[in-house]
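As structure tokens, the structure follows; a few thoughts come after it.
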Amino acid sequence: SVLLYQKPNRDICQSGTSLKIQCVADSQVVSMFWYQQFQEQSLMLMATANEGSEATYESGFTKDKFPISRPNLTFSTLTVNNARPGDSSIYFCSSRKGQGDSDYTFGSGTRLLVI
Amino acid sequence: GQQVQQSPASLVLQEGENAELQCNFSSTATQLQWFYQSPGGSLVSLLSNPSGTKHTGRLTSTTVTKERRSSLHISSSQTTDSGTYLCAIENYAQGLTFGLGTRVSVFP
């Protein structure tokens, strides 16, 4: 199965600043996704990262706040712009290899604290 | 939108006991996966089971697609099984919708 490497593992940032989270797959994957998880809550799908084009965002998430890039089939970044304390949560990248493999795998998560 | 409901919300077990976790979902699922989330937050895929019965180690999942429900059976629980078990469904490769999970605590 695919391995996803996510960094940083955790970060603390000041309100109003931006943070970039990277996700690297050890092999090419058809689909990559980003999720947000608040404490004691479940994971919420933020967006689908599309190779070479704009991400597809779910309701409640925008490209201005959470720009996502996916320049190739193994790499994606999520940026948190103008971070606020309410953005403090864990962010996960996920992939679906496709082509007969329908399982989803997840990165180790980035725990963000905005102060 | 899709909804995934898990029960019970929490479960306390004595080591060696068995447990059954339930997952009900509101719409067609092309994929269903059970995940384990450790107290530290990392997520591990346990079983992918969109229909039928699958086993891995001490875990057995049974999904009845037409009734939109799945169960995860843990046999002979161990203290290392403590954590949160998440059920997630996919609708036509559009990412996963997660339930709130069942928090399992296993004591010696």
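The values are calculated or read from the model by the stated rules, or taken from the named source; none is laboratory data. Since this is a predicted model, take the numbers as computed values, not measurements. For neighbour counting, all protein chains shown are included, and Cβ atoms are generated from backbone atoms with ideal geometry for every residue, glycine included. Side chains included, ligands, DNA and RNA excluded: accessible areas come from the protein's heavy atoms. Shrake-Rupley method; radii C 1.70, N 1.55, O 1.52, S 1.80 Å.
Listed here are the strands (runs of 3 or more DSSP E) enclosed by region A:35-82 that have at least 1 residues being touching a Gly at 6+ places or on another chain (Cβ under 9 Å): A:43-49, A:68-72. Considering (1) within 24 Å of B:Tyr85 (Cα to Cα); (2) at pLDDT 95 or above, say which one A:Ser42 fails and leave the rest. Only one criterion in (1) within 24 Å of B:Tyr85 (Cα to Cα); (2) at pLDDT 95 or above is unmet by A:Ser42, namely (2). Restricting attention to region B:44-80, report how many residues are open to solvent by less than 20 Å² (accessible area, probe 1.4 Å), touching a Lys or Arg at 6+ places or on another chain (Cβ under 9 Å), of a type outside the set (S, T, N, Q) and more than 13 Å from chain A (Cβ to nearest Cβ). Of the residues in region B:44-80, 1 are open to solvent by less than 20 Å² (accessible area, probe 1.4 Å), touching a Lys or Arg at 6+ places or on another chain (Cβ under 9 Å), of a type outside the set (S, T, N, Q) and more than 13 Å from chain A (Cβ to nearest Cβ). When the residues of region B:86-100 are filtered to those that are within 14 Å of the chain's Cα centre (by Cα) and open to solvent by 10 Å² or more (accessible area, probe 1.4 Å), the one that is farthest from the other protein chains (Cβ to nearest Cβ) is B:Thr97. Does B:Gly41 satisfy being under 23 Å from A:Gly109 (Cα atoms) and either charged (D, E, K, R) or within 11 Å of another protein chain (Cβ to nearest Cβ) (or both)? Judged against the criteria, B:Gly41 is a match. The single residue among B:Asn91, B:Asn49 that is in contact with a Phe, Trp or Tyr (Cβ under 9 Å, 6 or more places away or on another chain) and either modelled with pLDDT under 95 or closer than 30 Å to A:Asn50 by Cβ (or both) turns out to be B:Asn49.
In region B:8-33, the qualifying residues are those that are part of a strand (DSSP E or B) and within 11 Å of another protein chain (Cβ to nearest Cβ), and the one that is surrounded by the fewest Cβ atoms within 10 Å (Cβ to Cβ) is B:Gln31. As a summary of the residue check, A:Ser1 satisfies the conditions (1) more than 20 Å from B:Ser42 (Cα to Cα); (2) more than 16 Å from the chain's Cα centre (by Cα); (3) not in a strand (DSSP E or B) except for the one numbered (1). Taking residues in region B:1-26 that are under 13 Å from B:Ser70 (Cβ atoms), and partners anywhere that are of a type in the set (D, E, K, R) and open to solvent by 80 Å² or more (accessible area, probe 1.4 Å), the pairs with Cβ atoms closer than 6 Å and at least 6 places apart or on different chains are B:Asn24/B:Arg69; B:Phe25/B:Arg68.
Restricting attention to region A:77-115, the residues that are surrounded by fewer than 17 Cβ atoms within 10 Å (Cβ to Cβ) and touching a helix residue (DSSP H, G or I) at 6+ places or on another chain (Cβ under 8 Å) total 1. Across region B:71-86, a minimum of one residue is classified as in contact with a Gly (Cβ under 6 Å, 6 or more places away or on another chain), of a type outside the set (Lys, Arg) and within 15 Å of A:Tyr104 (Cβ to Cβ). Show the residue pairs that are 6+ apart or on different chains and have beta-carbon atoms under 8 Å apart, the first residue being within region A:81-92 and away from every other protein chain (no Cβ under 14 Å), the second being hydrophobic (A, V, I, L, M, F, W, C) and surrounded by fewer than 16 Cβ atoms within 10 Å (Cβ to Cβ). The qualifying pairs are A:Pro85/A:Ile115. In summary, A:Val2 fulfils each of the numbered conditions (1) open to solvent by 40 Å² or more (accessible area, probe 1.4 Å); (2) touching an Asp or Glu at 6+ places or on another chain (Cβ under 8 Å) with the single exception of condition (1).
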